[in-house]
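*Asks:* Once you've had a glance at the structure underneath, I'll fire off some questions.
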Amino acid sequence: MAIARDASGAALVHLKSETDFAAKSDDFRKMTQELADLVLASGPEAISAKDAEMEDLKLTVKENLEVGAVVRFEAAAGSEIDAYLHGDGRAGVLIEAQGVSPELLHEIALHIAFAKPTFLQRSDVPADEVEKERATLLEITKKEGKPEQAWPKIVEGRLDAWFGDRVLLEQGVFGEKETVKAKIGAGTISRFVLAMVGG
């Protein structure tokens with residue numbers, strides 16, 4: 001995993017190997033950073049310019065290599081972008097927001113690496129996933145012997161907790177009570193990307 005940044009934005013590239021041994025080699029790290037720099041300068045499709053060098057690297061590390069996440073965020077007018085690489089490149093985060101200080105945005109980027117949200121807001125969660133979870137929670141609630149008239153309220157409460165695990169704006173910052181949405185106040189987060197080794 002590597003990140004590249006400049007005044008115009010940030011790029012993240014996740015290069016996958018079969019073993020940690022290969023991923024920790026100097027050649028592998030150098031290639032990953034070169035790919036991130038290239039994506040920042042010329043966009044995600046530019047990584048194809050490194051195809052021949054990638055083939056050489058496969059021979060050097062004697063492993064199959066695969067390109068995972070390749071993302072570039074260009075800062076829109078009035079936007080702030082933060083990029084964070086966690087745990088020796090085990091996770092990478094890009095986030096863009098408006099009306100959020102650079103310090104707070106960096107804190108939210110750290111939180112994303114910690115809490116691993118999959119969606120920005122509740123409306124981003126596919127409806128079929130929500131209905132499947134609601135049905136599962138209803139079955140669990142029925143088996144607990146709770147009064148039938150209480151089922152809808154119990155299920156909705158549990159569904160809120162389920163959203164709270166997955167939706168960035170509803171997560172408690174670093175597991176605390178204050179949600180990300182409350183923490184950023186009048187600010188808005190427009191997008192984020194989380195890439196993880198093994199993901």
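*Asks:* Pick from the range 1-26 the residues that are β-branched (V, I, T) and modelled with pLDDT of 90 or more: which of them is surrounded by the fewest Cβ atoms within 10 Å (Cβ to Cβ)?
*Replies:* Ranking the qualifying residues of the range 1-26, first place goes to I3.
*Asks:* For the range 141-163, give me each residue that is free of Cβ contacts under 8 Å to residues at least 12 places away in the same chain and of a type outside the set (K, R).
*Replies:* Selection gives E144, G145, P147, E148, Q149, A150, P152, E156, G157, D160, A161.
*Asks:* Tally up the residues in the range 15-32 that are within 20 Å of the chain's Cα centre (by Cα) and either closer than 18 Å to S42 by Cβ or without any contact (Cβ under 8 Å) to a residue 12 or more places away in the chain (or both), please.
*Replies:* The number of residues fulfilling the criteria is 2.
*Asks:* Sticking with this structure for a sec: Quick one: how many residues across the range 151-194 are over 21 Å from Y84 (Cβ atoms) and in contact with a helix residue (DSSP H, G or I) (Cβ under 7 Å, 6 or more places away or on another chain)?
*Replies:* Of the residues in that region, 8 qualify.
*Asks:* I want to confirm something. Restricting to the range 88-98 and keeping residues that are in contact (Cβ under 8 Å) with a residue 24 or more places away in the chain and out of contact with any strand residue (DSSP E or B) (no Cβ under 6 Å at 6 or more places or on another chain), which single residue is surrounded by the fewest Cβ atoms within 10 Å (Cβ to Cβ)?
*Replies:* So, considering only residues that are in contact (Cβ under 8 Å) with a residue 24 or more places away in the chain and out of contact with any strand residue (DSSP E or B) (no Cβ under 6 Å at 6 or more places or on another chain), the one surrounded by the fewest Cβ atoms within 10 Å (Cβ to Cβ) is R90.
*Asks:* Which number in (1) surrounded by 13 or more Cβ atoms within 10 Å (Cβ to Cβ); (2) among the polar types (S, T, N, Q); (3) over 30 Å from P102 (Cα atoms) marks the one condition that S48 misses?
*Replies:* (1)
*Asks:* Take the conditions part of a helix (DSSP H, G or I), in contact (Cβ under 8 Å) with a residue 40 or more places away in the chain and within 13 Å of V93 (Cα to Cα) and apply them to H106. Does it pass?
*Replies:* no
*Asks:* If you don't mind, another one. Kindly evaluate F163 against the criterion of being modelled with pLDDT under 95, in a helix (DSSP H, G or I), within 20 Å of the chain's Cα centre (by Cα) and not small (G, A, S).
*Replies:* No: the conditions fail for F163.
*Asks:* Of all residues being loosely packed, with under 13 Cβ neighbours inside 10 Å and among the acidic types (D, E) in the range 130-160, which is nearest to the chain's Cα centre (by Cα)? Just the residue, please.
*Replies:* Checked the range 130-160; the qualifying residue nearest to the chain's Cα centre (by Cα) is D160.
*Asks:* Would you check if G68 is farther than 27 Å from I184 by Cα and touching a residue at least 24 places away in the same chain (Cβ under 8 Å)?
*Replies:* yes
*Asks:* Let me ask something else about it. Among the residues of the range 110-126, is any over 30 Å from H86 (Cα atoms) and at pLDDT 95 or above?
*Replies:* No, the conditions are met nowhere in the range 110-126.
*Asks:* Could we say that V193 is of a type outside the set (D, E) and outside any helix (DSSP H, G or I) here?
*Replies:* yes
*Asks:* Another one. Out of all the residues in the range 112-129, is one or more surrounded by fewer than 17 Cβ atoms within 10 Å (Cβ to Cβ), under 20 Å from Q33 (Cβ atoms) and either under 13 Å from the mean Cα position of the chain (by Cα) or not small (G, A, S) (or both)?
*Replies:* Within the range 112-129 (the criterion being surrounded by fewer than 17 Cβ atoms within 10 Å (Cβ to Cβ), under 20 Å from Q33 (Cβ atoms) and either under 13 Å from the mean Cα position of the chain (by Cα) or not small (G, A, S) (or both)), the answer is no, since none of the residues qualifies.
The values are calculated or read from the model by the stated rules, or taken from the named source; none is laboratory data. Note that the structure is a prediction, hence the values are computed from the model and not measured. As a convention, Cβ positions derive from the backbone with ideal geometry for all residues, glycine included, and neighbour counts pool all protein chains shown.
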